[in-house]
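Trainee: Sharing a structure below in structure tokens format, with a few things to ask.
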Amino acid sequence: MPKNDPKDALTIADSVSRGFYYEYTRQSHEFQRLKTLMSDREFWVTNSVRLQNRIVRWLDIRFPEYPSVFKDWTCKRSLATLKTFPCPQDLEKHTVSDVISAWRVHMQRAGGTTGTEKAAQLIAQAKRSVGERVAVDEAKADLKRLIEEFERVTSMLEQIEKDIEALLSEIPMAQQLRTIKGLGKIFTAAILAGTGDLRQYAHGRQVLRKAGLNLAQSTSGKRKGQIVLSKRGDSACENISISQPFSLFGITLFSVICMNIMYRKRR
């Protein structure tokens, strides 16, 4: 975007003259691939959450008693139920053995004590359900499309995570980060995708600044004059700090800084 305001040009020139900038460094091929994969994963995770919310809304309208039987509707038995008996009226005329037989089409261990209990609870809740019973065929078609899309997105996310894990195995720095207790493959990948090669930083404070966790003085608003977190950093790094508990992120970031220093000394 071109800058036509003379004040913007003076501000930029003043910042450059004072050295308030850093040169752009292109990341290596592995880190660019990792950043692309994490961006792709974030997009599909957002879509998956939206689909899950739509399905939960569908259940709240059509079968509000369903969560009392299946607390996690994404489990195999629950998905088999939604594919075969999505509405309460589909269950009212069936027996426990009928429900278990229908489950066997979608899963292997459909029976047993757990299966019998779940089938009995499901039928009992269906008979006393207060869910909406109009436009049933259209509602079933809607749920079918939602579940098919949810399973497709879930399959894609599983493949993306496999690709991320394979890529992390090619980055020695990732293996060091994985040794930190509480750090999984996704969080490790998120750190490296946001910060890039840690060897490019001369000091740990540069990592803090890139994540927007450096201290700065507020110049406006209710906190004018107070020292606060700048929260002006790379969006990927900011997402890490938001998506994880701050205590864990602080410990992790400190560990990253220490490993950065150790890694530079070994070069």
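Trainee: E148: net charge of surrounding residues, Cβ under 14 Å, Lys/Arg +1, Asp/Glu -1, itself excluded? Provide the component values of the computation, followed by the final result.
Mentor: On the way: positive: R54, K83, K140, K144, R145, R152; negative: D142, E149, E151.
That works out to +3.
Trainee: So which GluC sites (Glu not before Pro) in the range 1-105 are both in a DSSP loop and have at most 13 other Cβ atoms within 10 Å of their Cβ? Please report the intermediate quantities before stating the final value.
Mentor: Details: sites: E23, E30, E42, E65, E92; in loops: E23, E65, E92.
Filter output for the range 1-105: E23, E92.
Trainee: Let me ask you something else. For the charge dipole of the range 90-155, defined by +1 on Lys and Arg C-beta atoms and -1 on Asp and Glu C-beta atoms about the Cα centroid, which residue among T113, A135, Q125 has the Cα displaced farthest towards the positive pole?
Mentor: Looking along the dipole axis, the top candidate is T113.
Trainee: Can you run phi through the Karplus equation (6.51, -1.76, 1.60; θ = phi - 60°) for the range 116-126 and list ³J(HN,Hα) in whole Hz, with x for Gly and Pro?
Mentor: 5, 5, 5, 5, 5, 5, 5, 5, 4, 5, 5
Trainee: When 1/r is averaged over all different Cα pairs and the result inverted, which Kirkwood radius in Å belongs to the range 112-192?
Mentor: Values: mean 1/r = 0.0584 Å⁻¹.
That comes to 17.1 Å for the range 112-192.
Trainee: In sequence order, what are the phi-derived ³J(HN,Hα) couplings for the range 152-167 according to the Karplus relation 6.51 cos²θ - 1.76 cosθ + 1.60 with θ = phi - 60°, rounded to whole Hz, with x for glycine and proline?
Mentor: Along the range 152-167, the couplings run 5, 5, 4, 5, 5, 5, 5, 5, 4, 5, 5, 5, 5, 5, 5, 5 Hz.
Trainee: Highest first, please rank the peptides 72-79, 57-64, 193-200, 128-135 by the mean number of other Cβ atoms sitting within 10 Å of their residues. Walk me through the numbers before you get to the answer.
Mentor: Values: 72-79: 15.2, 57-64: 17.4, 193-200: 19.4, 128-135: 12.1.
Going by the mean number of other Cβ atoms within 10 Å, highest first, we get 193-200, 57-64, 72-79, 128-135.
Trainee: At 0.692 mPa s and 37 °C, plugging the Kirkwood radius over alpha-carbon pairs of the range 32-92 into Stokes-Einstein gives what diffusion coefficient in µm²/s?
Mentor: On the way: Rh = 13.4 Å.
This corresponds to a translational diffusion coefficient of 246 µm²/s.
Trainee: Per residue, how much space in cubic angstrom lies within the convex hull of the C-alpha atoms of the range 104-158?
Mentor: Details: hull volume 6.8 nm³, N = 55.
Roughly 123 Å³ of hull volume per residue.
Trainee: Do any of K140/K185; K35/K181; K118/K140 go past 30 Å between their Cα atoms, and which?
Mentor: Working: K140/K185 38 Å; K35/K181 23 Å; K118/K140 22 Å.
Distance filter (> 30 Å) returns K140/K185.
Trainee: Would you kindly state how much longer the chain becomes between E161 and R133 on full extension, computed as 0.36 nm times their sequence separation minus their alpha carbon distance, in nm to one decimal?
Mentor: Values: separation 28, 0.36 × 28 = 10.08 nm, distance 4.00 nm.
Going from the current span to full extension adds 6.1 nm.
Trainee: Measure off, as a whole percent, the carbon and sulfur share of the 1.4 Å-probe accessible area of the range 93-147, all protein chains present. Write out the running numbers ahead of the final one.
Mentor: On the way: 1790 of 3550 Å².
So the carbon and sulfur contribution to the accessible surface is 51 percent.
Trainee: With a/c under 1.5 counting as rounded, go ahead and sort the range 67-136 into rounded, prolate or oblate using the C-alpha gyration tensor (a ≥ b ≥ c being the square roots of the eigenvalues; past the cut-off, prolate if a/b is larger than b/c, else oblate).
Mentor: Because a/c hits 1.5 or more and a/b exceeds b/c, the range 67-136 counts as prolate.
Trainee: What Kirkwood radius, in Å to one decimal, follows from the Cα pairs of the range 161-229? Could the numbers behind the result be given before it?
Mentor: On the way: mean 1/r = 0.0709 Å⁻¹.
The answer is 14.1 Å.
Trainee: Provide the per-residue ³J(HN,Hα) series for the range 100-108, in order, calculated from phi with Karplus coefficients 6.51, -1.76, 1.60 and θ = phi - 60°, each as a whole number of Hz, with x at glycine and proline positions.
Mentor: 5, 4, 5, 5, 5, 5, 10, 8, 7
The values are calculated or read from the model by the stated rules, or taken from the named source; none is laboratory data. Values in this document were obtained by computation on a predicted structure and should not be read as measured data. Cβ sites come from the backbone with ideal geometry, for glycine too, and all protein chains shown count toward neighbours. Note: areas computed on protein heavy atoms with side chains; ligands, DNA, RNA excluded. Shrake-Rupley method; radii C 1.70, N 1.55, O 1.52, S 1.80 Å.
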